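Heads up: the structure comes next, in structure tokens.
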Amino acid sequence: MHTDPEIQPLLEMMPRFELSAEALADLRAARKALFASMASALSDRVERTDHLIGSGPEVLVRVHRPVGVRGPLPCVVSMHGGGYVLGSLDMDDLRFDRFCNEFGCVAVSVEYRLAPETPYPGPLDDCYTALRWVAEHAPDLDIDPSRIGVAGISAGGGLAAALALLARDRGEVPLAFALLECPMIDDRQITPSSRLDGLAVWSRESNTFGWKAYLGARYGTDDVPPYAAPARANDLAGLPPTMVITGGADGFRDENIDYALRLGQADVATELHVVPGAPHGAQMFPGTRVADQWNSLVVDWLGRHLRS
């Protein structure tokens with residue numbers, strides 16, 4: 001796959017890891033390395049409060065809101081990336097430092113449990129617990145309950161897509177929008193892009209590991225519900241307005257394009273963008289053309305939904 005020439009040398013400088021079923025120690029090392037890279041200076045214009053919610057088990061959420069801005073405000077419920085096996089809600093801090101002030105919104109980051117320690121449906125249950133808590137506590141959080149949306153990157157995008165399906169079917173929390181950035185949504189790995197070797201950032205082998213960890217004994221069977229792998233959903237009607245953005249050099253490219261096409265065919269207001277030359281996680285390379293294009297598209301779409 002063609003990767004933007006500006007990105008290629010940056011990819012070669014990144015620490016390389018491959019996740020496999022035979023090397024759980026690699027997963028622990030990758031988690032440590034990722035957590036160590038998250039420390040960054042944060043704005044004092046955004047207030048962050050952590051809450052333990054739910055019961056058996058409790059879920060940690062972080063509420064970000066712009067200082068001195070009164071509501072009720074629109075809200076983004078966000079799930080971090082990491083292939084269902086990596087990551088933390090700390091990954092959302094920098095982007096919501098920007099978004100909360102730029103859009104005048106509240107953002108809620110979810111610390112869902114990770115696989116393989118907690119396979120499906122545990123992580124999705126955590127995300128739904130957070131979504132329902134936001135809706136039920138909207139007055140206390142100074143949130144407009146009619147303007148709650150979901151968002152996520154990679155596995156977080158997969159969870160956001162699954163959450164949209166689950167919220168539609170349970171009918172408890174109406175969603176205003178869904179932002180799906182390079183979502184991880186198809187466990188079958190049957191598209192041409194998902195079967196390529198040498199994929200940057202998130203390889204075919206790591207993708208297989210992530211899905212095996214998340215699905216457990218369901219992996220490789222037909223007993224995989226659409227709430228676990230949204231690409232398997234046959235009925236996409238009635239979902240909220242959705243943006244799907246993916247990279248031209250991402251192994252998820254084809255499954256993302258197909259999902260966006262089927263959303264449109266189901267009469268869901270859908271916007272699809274494929275950023276040429278962008279590998280998985282293109283947002284990690286600030287200042288490059290692909291990252292700037294990606295972020296501009298996200299900010300434009302999200303702004304239209306949060307400012308309206």
Exercise. Being of a type outside the set (A, V, I, L, M, F, W, C), open to solvent by less than 10 Å² (accessible area, probe 1.4 Å) and within 26 Å of Phe99 (Cα to Cα) is the filter here, so list the residues in region 155-205 that pass it.
Key: Gly156, Gly157, Gly158, Glu181, Pro183
Exercise. Give region 165-194 a look and list any residue that's under 22 Å from Gly220 (Cα atoms) and part of a loop (DSSP other than H, G, I, E, B), or say none.
Key: Pro183, Met184, Ile185, Asp186, Asp187, Arg188, Gln189, Ile190, Thr191, Pro192
Quiz item: Just checking, which of Thr221, Thr242 is modelled with pLDDT of 95 or more and open to solvent by less than 20 Å² (accessible area, probe 1.4 Å)?
Solution: Thr242
Self-check item: Criterion (of a type in the set (Asp, Glu), under 24 Å from Leu302 (Cα atoms), at pLDDT 95 or above and out of contact with any Lys or Arg (no Cβ under 8 Å at 6 or more places or on another chain)) met by exactly one of Asp235, Asp258
Solution: Asp258
Exercise. Pick out the one residue from Gly277, Gly251, Gly247 that is in contact with a Cys (Cβ under 8 Å, 6 or more places away or on another chain) and open to solvent by less than 10 Å² (accessible area, probe 1.4 Å).
Key: Gly247
Quiz item: Got at least one residue in region 286-295 being assigned to a helix (DSSP H, G or I) and buried (at least 22 other Cβ atoms within 10 Å of the Cβ)?
Solution: yes
Practice problem: Give the residues of region 177-202 that are touching a Phe, Trp or Tyr at 6+ places or on another chain (Cβ under 9 Å) and among the β-branched types (Val, Ile, Thr), sorted by residue number. | Solution: Ile185, Thr191
Quiz item: Among the residues of region 145-154, which ones are open to solvent by 10 Å² or more (accessible area, probe 1.4 Å) and of a type in the set (Val, Ile, Thr)?
Solution: Ile153
Exercise. Among residues belonging to region 67-95 that are farther than 21 Å from Ala160 by Cβ and without any contact (Cβ under 8 Å) to a residue 40 or more places away in the chain, point out the one that is least open to solvent (accessible area, probe 1.4 Å).
Key: Val69
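The rows are residues; the columns are (1) among the hydroxyl-bearing types (Ser, Thr, Tyr); (2) without any contact (Cβ under 8 Å) to a residue 12 or more places away in the chain; (3) not in a helix (DSSP H, G or I).
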| residue | (1), (2), (3) |
| --- | --- |
| Ala228 | no, no, yes |
| Asp235 | no, no, yes |
| Pro240 | no, no, yes |
| Asp254 | no, no, no |
| Tyr259 | yes, no, no |
| Gly264 | no, yes, no |
| Val268 | no, no, yes |
| Leu297 | no, no, no |
| Asp300 | no, yes, no |
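The values are calculated or read from the model by the stated rules, or taken from the named source; none is laboratory data. Remember, predicted model here, so these are calculated numbers, not experimental data. All Cβ positions, glycine included, derive from the backbone under ideal geometry; neighbour counts span all protein chains shown. Calculation scope for accessible area: heavy atoms of the full protein, side chains included, ligands and nucleic acids excluded. Shrake-Rupley method; radii C 1.70, N 1.55, O 1.52, S 1.80 Å.
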